[in-house]
1. For the chain, report the accessible area per residue in Å² (1.4 Å probe, heavy atoms, rounded to an integer).
2. Largest first and to the nearest Å, give the Cα extent of the chain along each principal axis.
3. Students often get this wrong: which residues of the range 83-123 have the backbone nitrogen under 16 Å from the point 7 angstrom along Cα-to-C-beta of residue 44?
4. Excluding residue 112 itself, what net charge comes from residues whose Cβ is under 12 Å from its Cβ, given Lys and Arg +1 and Asp and Glu -1?
5. Collect residues whose amide H, placed 1.01 Å from N in the peptide plane, falls under 5 Å from the amide H of residue 16; neighbours closer than 5 in sequence don't count.
6. Less than 13 Å Cβ to Cβ from residue 86, Lys/Arg counted +1 and Asp/Glu -1: what total charge do the surrounding residues give?
7. Give the carbon-plus-sulfur fraction of the accessible surface of the chain in %, rounded to a whole number; probe 1.4 Å, heavy atoms of protein chains only.
8. If the label point is 7 Å along Cα→Cβ of residue 113, which residues in the range 18-48 have backbone nitrogen under 17 Å from it?
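The values are calculated or read from the model by the stated rules, or taken from the named source; none is laboratory data. None of the values given here were measured: they were computed from a predicted structure. Every residue, glycine as well, gets a Cβ built from its backbone with ideal geometry; the counts of neighbours run over all protein chains shown. Keep in mind that these areas ignore ligands, DNA and RNA; they rest on the heavy atoms of the full protein, side chains included. Shrake-Rupley method; radii C 1.70, N 1.55, O 1.52, S 1.80 Å.
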Amino acid sequence: QVQLVESGGRLVQAGDSLKLSCAVSGRTISSYTMGWFRQAPGKEREFVALITWSSGYTEYADSVKGRFTISRDNAKNTGYLQMNSLKPGDTAVYYCAIPTRPYLQRRDAFDVWGQGTQVTVSS
């Protein structure tokens, strides 16, 4: 059974940095794109970033471009999201995800999800 466990979320102040981690078990991720999404209260879940299996391609939502960096360590079966210059609008539950099938990189391909980690940015 594949499990994704996010960690690193907490309360921070505007302008701070935070790094989220996503540890994957039950599957070797080296052939799978990894993605990060977020859901703010009262809003739908939205795409944040993705990184392909060999880290050769990354994609970001316009709202986080230049502030967030997605990365991965296939040897550790773990993905990361480095978040800099955080804003109150970044407050949300952050989820990592992978597709069921390998070598997919579409934003709508993600269907295996973690439980999420709360990031709260105070002004």
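1. Values: 6170 Å² over 123 residues.
Accessible surface, normalised per residue, equals 50 Å².
2. Reported extents, whole Å, longest axis first: 40, 27, 26.
3. Once the point is set 7 Å along Cα→Cβ of residue 44, 107-110 turn out to lie under 16 Å by backbone N, inside the range 83-123.
4. Values: positive: 27, 101; negative: 111.
Local net charge: +1.
5. Answer set, sorted by chain and number: 86.
6. Values: positive: 10, 19, 38, 67, 87; negative: 16, 90.
Taking every other residue near residue 86 into account, the sum is +3.
7. Working: 2810 of 6170 Å².
That fraction is 46 percent.
8. 22-23, 34-48
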